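The values are calculated or read from the model by the stated rules, or taken from the named source; none is laboratory data. All of these numbers come straight from a predicted model, not from anything done at the bench. All Cβ positions, glycine included, derive from the backbone under ideal geometry; neighbour counts span all protein chains shown. The protein model used for the area step is the full one, side chains on, heavy atoms only, and it has no ligands, DNA or RNA in it. Shrake-Rupley method; radii C 1.70, N 1.55, O 1.52, S 1.80 Å.
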Amino acid sequence: MKTNLKNKTEPSRSMAEKIFEEGVAKNPGPWREHSLSVARAAEKIALAVNKNCGSEKLNPENAYIYGLLHDIGRQEGYTYIAHVYDGYHFLMSLGYENAARICLTHSFNLQTTDDYIGKIDITPEQMEEIKTLLAAAEYDDYDRLIQLLDSTCSADGTVNLEQRMGDVKARYGYYPQDKWNKNFELKDYFEKLTGRDLYELLK
């Protein structure tokens, strides 16, 4: 099914949901609720962007699918940066190139691994592969949207950027300032595109 602007093969919504639920069955956890929260928020924002702009700048179906599958690498277990690597390769193996790219880019809003928060639980060779793929990636509004919502939507349904980043900072002892600032820049960006306050829109 070729619905993406770049003509890459995408999973249908029903296929994405099947892949997602099969992944959750392998490794149940709060990533299910988080992913659903991101997916629903992404679809809602895409619809609001299109309404405000008067044209389809974002495909709401694709936004939902990318949000739903951005953490699919977590089906392999409780991991850190490995979930990025595993998710990317899993979706690439199915031919879903754009969804795979979102798995790769969602943790790196500044397009670098230098500010990654968490353990490096992959080999040096795999880390170099991520760096090479990131350097070659061309971020678009889908990448930016999922980066923002990954940092905004918690598993318990809370939608608050500063609170969620604060939780991460409390758990790991730090949160890179440039990464923090970029998330607020993304929030402002999508608020301009939607003409709405993010939190009001996502209520």
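Any residue in the stretch 96-103 that is acidic (D, E) and touching a residue at least 60 places away in the same chain (Cβ under 8 Å)? Break it down into steps so the answer makes sense when it comes.
Step one: list which residues in the stretch 96-103 are acidic (D, E), which gives 97.
Narrowing further to those that are touching a residue at least 60 places away in the same chain (Cβ under 8 Å): 97.
Looking for residues that are acidic (D, E) and touching a residue at least 60 places away in the same chain (Cβ under 8 Å), one finds at least one in the stretch 96-103, hence yes.
Results for (1) more than 23 Å from T158 (Cβ to Cβ); (2) not hydrophobic (A, V, I, L, M, F, W, C), shown as yes or no for each residue.
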{"site": "E22", "(1), (2)": "yes, yes"}
{"site": "A42", "(1), (2)": "no, no"}
{"site": "C53", "(1), (2)": "yes, no"}
{"site": "E56", "(1), (2)": "yes, yes"}
{"site": "N59", "(1), (2)": "yes, yes"}
{"site": "T79", "(1), (2)": "yes, yes"}
{"site": "I102", "(1), (2)": "no, no"}
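G73: touching a residue at least 12 places away in the same chain (Cβ under 8 Å), part of a loop (DSSP other than H, G, I, E, B) and open to solvent by less than 70 Å² (accessible area, probe 1.4 Å), yes or no?
Details: touching a residue at least 12 places away in the same chain (Cβ under 8 Å): yes; part of a loop (DSSP other than H, G, I, E, B): no; open to solvent by less than 70 Å² (accessible area, probe 1.4 Å): yes.
Answer is no for this residue.
For the stretch 134-154: of the residues being of a type outside the set (S, T, N, Q) and in contact with a Lys or Arg (Cβ under 8 Å, 6 or more places away or on another chain), which is most open to solvent (accessible area, probe 1.4 Å)?
Filtering the stretch 134-154 for residues of a type outside the set (S, T, N, Q) gives 134-146, 148-150, 153.
Now restrict to residues that are in contact with a Lys or Arg (Cβ under 8 Å, 6 or more places away or on another chain): 137, 141, 143, 148, 153.
Working: A137: 18, D141: 35, D143: 0, L148: 0, C153: 0 Å².
Looking at residues that are of a type outside the set (S, T, N, Q) and in contact with a Lys or Arg (Cβ under 8 Å, 6 or more places away or on another chain), I get D141.
Tell me yes or no: at least one residue of the stretch 42-65 is within 22 Å of N160 (Cβ to Cβ), surrounded by fewer than 16 Cβ atoms within 10 Å (Cβ to Cβ) and not polar (S, T, N, Q). Give the derivation first.
Start the filter on the stretch 42-65 by keeping residues that are within 22 Å of N160 (Cβ to Cβ), which leaves 42-49, 63-64.
Cutting the leftovers down to surrounded by fewer than 16 Cβ atoms within 10 Å (Cβ to Cβ) gives us none.
Among the residues of the stretch 42-65, not one is within 22 Å of N160 (Cβ to Cβ), surrounded by fewer than 16 Cβ atoms within 10 Å (Cβ to Cβ) and not polar (S, T, N, Q), which makes the answer no.
Any residue at all in the stretch 59-69 that's under 30 Å from R196 (Cα atoms) and among the polar types (S, T, N, Q)?
Restricting attention to the stretch 59-69, the residues satisfying the condition of being under 30 Å from R196 (Cα atoms) are 59-69.
Next, only the ones that are among the polar types (S, T, N, Q) stay: 59, 62.
Yes, the stretch 59-69 contains at least one residue that is under 30 Å from R196 (Cα atoms) and among the polar types (S, T, N, Q).
Looking at (1) closer than 27 Å to K192 by Cα; (2) open to solvent by 60 Å² or more (accessible area, probe 1.4 Å), which one does G157 not meet, given that it meets all the others?
(2)
Given the conditions (1) assigned to a loop (DSSP other than H, G, I, E, B); (2) at negative phi, report the number of the one that E21 does not fulfil.
For E21, the failing item is (1).
Could you tell me which residue of the stretch 188-199 is nearest to the chain's Cα centre (by Cα), considering only residues that are touching a residue at least 12 places away in the same chain (Cβ under 8 Å) and open to solvent by 80 Å² or more (accessible area, probe 1.4 Å)? Step through it out loud before you land on a result.
Pass one, the stretch 188-199, residues touching a residue at least 12 places away in the same chain (Cβ under 8 Å): 189-190, 193-196, 198-199.
The next check asks that each one be open to solvent by 80 Å² or more (accessible area, probe 1.4 Å); those that pass are 189, 196.
Details: Y189: 16, R196: 21 Å.
For the stretch 188-199, the residue satisfying everything is Y189.
Being modelled with pLDDT under 95 and either of a type in the set (A, V, I, L, M, F, W, C) or under 27 Å from E10 (Cβ atoms) (or both) narrows it down to one of I117, I122, I130, so name that one.
Working: I122 fails: modelled with pLDDT under 95; I130 fails: modelled with pLDDT under 95.
Exactly one residue qualifies, and that residue is I117.
Please list, ordered by residue number, the helices (runs of 4 or more DSSP H) wholly in the stretch 104-187 having 3 or more residues that are free of Cβ contacts under 8 Å to residues at least 12 places away in the same chain and more than 15 Å from H70 (Cβ to Cβ).
Values: elements: 124-136, 141-150, 161-172.
Correct list: 124-136, 161-172.
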